[in-house]
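What follows is a single structure, written as structure tokens, with notes after it.
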Amino acid sequence: MAHMPINHRLLGLWRTLSALAGAYVLGFGIVGLTATWDTPFFGRQSTWVLGLRTNLAFSVLSVLVGAVVFAGALVGGNLDRRVNLMGGIVFLVAGIVMMTLMQTSLNLLNFTMATCIVSFLIGLVLLTTGLYGQVGPPHRRHAEEAYRHGGVDPMGHVWQREQEQPHRPVEPDEADLHRFA
């Protein structure tokens, strides 16, 4: 059975990480917009912003995605979780696709290998924060903890986890001792 923590004790850390990832993408997009404003939308020029090559299309896309991720982190709750799960998958898939198309004329977002690596890192951060960012009522957290540790949850369900019994040596009884003597 899958383990999806509810109201994780480090929920504030996960929200902070997703907010930082969203802020970086948003900041990158804003600086990229100012640097590429008078260039072609899908240009392949050598414009570098915050260590990554960009063009106007990639900058606009970064502003939109960064704003969604950052707003999701500010709102919190399960909306944040959904945004982070989907955003993580999108960043990972975008990194793979753009790495495949990097040396072709289909590199419309002007990606480099550094951009692909950053996309993978942001995708992993968002995916992790999405996996640990589920929020729920206290009774669901207690039920999940009861399942993890074995015990009774607030609904009265008894969870028994299979545990190995320690191996105890068997003591011979009197009859066995006389048989071997």
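Worth pointing out:
- Check on Ala19, assigned to a helix (DSSP H, G or I), crowded, with 19+ Cβ neighbours inside 10 Å and not hydroxyl-bearing (Ser, Thr, Tyr): yes
- Under the condition of being polar (S, T, N, Q) and either in contact with a Phe, Trp or Tyr (Cβ under 6 Å, 6 or more places away or on another chain) or not in a helix (DSSP H, G or I) (or both), the residues counted in the stretch 22-39 number 1.
- Output for the stretch 87-122, where each listed residue is in contact (Cβ under 8 Å) with a residue 40 or more places away in the chain and more than 25 Å from Pro40 (Cα to Cα): Gly87, Gly88, Ile122
- Meets criteria (out of contact with any strand residue (DSSP E or B) (no Cβ under 7 Å at 6 or more places or on another chain), in a loop (DSSP other than H, G, I, E, B) and either crowded, with 18+ Cβ neighbours inside 10 Å or modelled with pLDDT of 95 or more (or both)) for Leu92: no
- Failed condition for Tyr147, given (1) at pLDDT 90 or above; (2) more than 22 Å from the chain's Cα centre (by Cα); (3) among the aromatic types (Phe, Trp, Tyr): (1)
- A Cβ distance below 7 Å, combined with a sequence gap of six or more or placement on separate chains, defines the contacts here; from the stretch 23-35, residues that are surrounded by 21 or more Cβ atoms within 10 Å (Cβ to Cβ) reach residues that are polar (S, T, N, Q) and in a helix (DSSP H, G or I) in the pairs Val25/Ser62; Phe28/Ser62; Gly29/Ser59; Gly29/Ser62; Gly32/Ser59; Gly32/Ser62.
- Any hit, the stretch 40-63, residues being assigned to a loop (DSSP other than H, G, I, E, B), surrounded by fewer than 16 Cβ atoms within 10 Å (Cβ to Cβ) and of a type in the set (Phe, Trp, Tyr): yes
- Condition met for Thr115 (over 22 Å from Leu26 (Cα atoms), modelled with pLDDT of 90 or more and assigned to a helix (DSSP H, G or I)): no
The values are calculated or read from the model by the stated rules, or taken from the named source; none is laboratory data. For clarity, every value in this text was computed on a predicted model and none was experimentally measured. In this analysis, Cβ positions are derived from the backbone assuming ideal geometry, glycine residues included, and neighbour counts consider all displayed protein chains.
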